1. Report, by residue number, each residue of region B:103-138 that is within 14 Å of ligand 2 (Cβ to nearest atom) and hydroxyl-bearing (S, T, Y).
2. Which residue, of B:R72, B:R128, B:R118, is in contact with a strand residue (DSSP E or B) (Cβ under 9 Å, 6 or more places away or on another chain) and away from ligand 1 (no atom under 16 Å from the Cβ)?
3. Right, A:P735: more than 18 Å from A:A663 (Cβ to Cβ), in contact with a helix residue (DSSP H, G or I) (Cβ under 6 Å, 6 or more places away or on another chain) and in the same structural domain as A:S373 (by TED's automatic domain parsing) or not?
4. Taking B:D55, is it more than 13 Å from ligand 1 (Cβ to nearest atom) and more than 12 Å from the chain's Cα centre (by Cα)?
5. For residues that are among the basic types (K, R) and assigned to a loop (DSSP other than H, G, I, E, B), tally how many sit in region A:668-694.
6. Take B:E16 and tell me if it is more than 16 Å from ligand 2 (Cβ to nearest atom), in contact with a helix residue (DSSP H, G or I) (Cβ under 9 Å, 6 or more places away or on another chain), away from every other protein chain (no Cβ under 13 Å) and not small (G, A, S).
7. Could you check, for region B:107-121, whether at least one of its residues is out of contact with any Lys or Arg (no Cβ under 6 Å at 6 or more places or on another chain), more than 7 Å from chain A (Cβ to nearest Cβ), without any contact (Cβ under 8 Å) to a residue 60 or more places away in the chain and acidic (D, E)?
8. Considering only region A:692-723, state which residues are surrounded by fewer than 24 Cβ atoms within 10 Å (Cβ to Cβ), within 14 Å of A:I7 (Cα to Cα) and more than 8 Å from chain B (Cβ to nearest Cβ).
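The values are calculated or read from the model by the stated rules, or taken from the named source; none is laboratory data. Owing to the predicted nature of the structure, the values given are computational and were not obtained by experimental measurement. Cβ atoms come from the backbone with ideal geometry, glycine included; neighbour counts cover every protein chain shown.
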Amino acid sequence: MSEFSVIGKPVALVDSAGKTTGQGKYTDDLSMPGMLIGKILHSPLPHARIIGIDASRALALDGVVAVAVGADAPNKYGILPVGHDETALAVDKVRYVGDNVACVVAESEAIAEKALELINVRYEPLPAWFDPEDSMRAESDLIHEQRPHNMEKEYHHVFGDPAVGFAEADTVIEGRYVANEVTHAAMEPHSTLAAFELDPQTGLPGRLTVWSSTQVPYYLQHKLSIVLEMPMSQIRVIKPLVGGGFGGKSEVIPLEIIAAVAAREARAPVKITYTREEVFWAHRGRPRTIVDLKTGVTREGKITAVAAKVIQDGGAYCSYGVVTILYAGALLGGALYQIPNFQYDGYRVLTNKPACGAMRGHGTVNARFAFESQLDEAARRIGMDPVEIRRRNLLSPPCVTVNGLRVQSYGLPECIERVAERSGWRERKGKLPRGRGLGIGCSHYVSGAANSIIRSDMPHSTVNIKIDRDGGVVVYTGASDIGQGSDTMVAQIAAETLGCSLGRVRVVAADTDLTPIDIGSYSSRVTFMNGNATLRAAQAVKRQIAEAAARRMNCSSEDVVMRGDCVWNRGAYGDEGPGAAEEAATVAASGRVEGQILRGSVQQKRAEEGPKDKMTFEEAVVAAIDFHGALGGSGSYAPPAEARGGKYKGSGVGPSPAYSYSAQVAEVSVDEETGVVTVHKIWAAHDCGRALNPVAVEGQVIGSVWMGLGQALEEEMIWKDGLLMNPGLLEYRSPSAAESPEIECIIVESVDPEGPFGAKEASEGSLAAVIPAIANAIHDAVGIRLREAPFTPERVLAALRGQQPEARKIRLAGNVDPTQPATFREHGGSLCYKGRGPARHALDPALRRKAARGNAPKPKDDAR
Amino acid sequence: MKKLLITLNVNGRDVEFACAPNQTLLDALRLDLALTGSKRGCDDSSCGACTVEVDGEPMLACTLLAAACEDRRILTVEGIAEHGALAAIQKAYGEWGGAQCGFCTPGFMIAVHSLLARNPDPSEDEIRAALGGNLCRCTGYNQMYQAVKAAIDAEKAGRRAF
Ligand code: FES
Ligand code: FES
């Protein structure tokens, strides 16, 4: 029989029936008596001072109850302690198209919408900043007065000696890589319901309860307490089912605060649900990132030094920005390859666009795209196979990297080996017909940040377990299940540790009144940290049960085995266990204790006489309650000091107790006529430590790879004068089933020494590898190096055109060379804008082909 | 706007209620009938989270008027379960990871249900085409195909899902 009975088995998510039957409740499914609907008025201008707001006509409308404005709740908040720069509603200025100006509370959505049109806001427009490289030079009209040059934060790190490293290199490659802005677009639009209770002592509004689509209920509780000036203990945050987050719900989103402010103004429960367009405006996605990268390698393929300058277009507020720019550097040098010398210059810049924040693969994805693409170029330059160059730069763990990251379990070598094998790399690479190619990319990610965003030595997760006489196990965890399956993970760990079946375990999660604190579902921390806390809580309960059972069975508590809903004396259990048949029989017998349960074990003993060597789970629980008086356990987790990184400024971001690893191969074909890139298949090997629930791990890996694929091929937020041109799911081009290729997930288990049962993260690490894997495959297919993502047909075609001999001479694409994106193009980088295609040079071969067919358009001489 | 008194047949039951002539079926289901299984994921009929069956055809409830559905049979995700137990497709979606956050799932349940009603043994391409109108941001769709195939096998084997 296997080592585990619940761990490592593919089990359906414990809440899956609620999802497939429609019974499960998400925030927008909730309502309460007297509930009103809130609607937010957004700014039409990217940067403007507010001169005055006149809401009198809106308030006069039948069915309108209240209008909240900035002055009603002017306290500043922000997800990072260093970035408190937001207010519930704009107080003096608006800073992006879509900024929040006022909130109407009305009896129905239709009335509220009508009222929005009746609010008169007078603005004084200010010059706005859209290009981060311009914005960095700003002297006046700053977005936030306290941030000179619109610079949210800059970091300059040097590890080792990069100058010496580059001198040792046989070849040095430099290039600029750009990845355009993408957003989470979780299927559930954000929603919040806020209600105050009347206090029986004072008769006034007292406690506040907030139901919200959030990944971070405890941070929400904290920010609400700042804005509403209420003690945290008076605020209860409940997370119902959440329809996907991907980081978009990992900070406090304006509507969550606004709903509470509006409920206070309206003196009634208020629900606000974003429209899809508002979700796009709320954003907090992955910033447009410009990476100037330089890599030195020896002829033997050894990386000698890396230097990177990264500029992130952060949008109008800090959000997670400081962390994002640090992740880009920390995990670029990172714990993936051996990089002895590393220089990093990171700039997080404010612009008049919606704030960017954390998105799956936080901070690491765009930098990884640059690095893995350049590594491919380096391999070509020295004539080495791209798989081989990666194998020559592996770490030798356990080790600490130059930038202070501790690495223990390291499944990267096996990931590379397995994808190469499964994709037929060695047999097929270089032998495919023109137009078809293979590319490889690798990535890694943290299993939770070793330092929480509010620096403290407190535990990051705490879990309580209650078992009563009925033998039911209730786990109280603050972990926020957003679809990744954390409730199931918690139930599995508790069931495995207590040797009971999954059905016996109930999980109560993410309710600040009931569950102990957990800092939230972000940075892929939940399995590692909340899992460890659950493990420790379950072990505490197990110790108490074993102690009592040992007395009943006349053995020592070390000899008590809990498995299969039974408690055994090891002697009776045997080395191999009692075999499947007997285990099944005892499982069936368990749960029937003939009405004795509520009386206690004295009576049970009387009925049964003498010691025994096997008890049902219920009997053991009753014995433990008899013996200890109460049965329960708590466990918590704080990352160990050794895993918390170096001492330099900014060293807090990047360290993690464990890293996940991924290697991927993509097979693509490129249509040279249309520029369309088709991905046929992706092989993705992911090292998740131990797969606690293989179906869920596969789902997370495939989901991340798929999301990366969207960013690689078509997803892109397109801006024009600060206005988002594509705020809808169709225009944003989220891939549908028809466009999504097969993704083969290969699970690699490196069994981490500190993870719960050896587990690490599985949900984010795979995203970053897919973009460079596709870029490298495109190069393999048709020989073009795309340095700007997504790889849309326009960019592919322009690059193909640029490849032709005549084009090289005449710089066909003018100063817009898509393979060398040197300047910021505000329309989002698409070459087709202002309603016509790019102007073509008279000698453009494409024009000549058309001329031959007899329909040549007049050549334009305004080539850009 | 004066409300109309209309009767809808939802999941086999007739319900009578007053609705504005411009009310969508989705709002009628979610707000008036408290059937919140059907979801709203977009503003422009691009996501499929609101898919319901109207006379056996999958339709987007967010762009249908409730009053236009009088006398037509409406099936929502709440009506998919069979005899108080999970239908094969529901069980398979759980077991094969077809639902992660589950927000898109009601729409997919209906899309698959109407596919299998029309074509009990679809090919891989037919499954892809049938799911093409529904978006999911979590799963990358791969595990959904496995779930649909598993459900078809379960149906074929005549195995009831409980
Ligand atoms: S709600 Fe998106 S299609 Fe109906
Ligand atoms: S399961 Fe989350 S959107 Fe499909």
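1. Within region B:103-138, just B:T105 meets the criteria.
2. Result: B:R72 is the single residue among B:R72, B:R128, B:R118 that is in contact with a strand residue (DSSP E or B) (Cβ under 9 Å, 6 or more places away or on another chain) and away from ligand 1 (no atom under 16 Å from the Cβ).
3. Yes.
4. When the stated conditions are applied, B:D55 passes them.
5. Residues flagged as among the basic types (K, R) and assigned to a loop (DSSP other than H, G, I, E, B) within region A:668-694 amount to 1.
6. Considered against the rule, which asks whether it is more than 16 Å from ligand 2 (Cβ to nearest atom), in contact with a helix residue (DSSP H, G or I) (Cβ under 9 Å, 6 or more places away or on another chain), away from every other protein chain (no Cβ under 13 Å) and not small (G, A, S), B:E16 comes out as no.
7. yes
8. Selection gives A:P694 alone.
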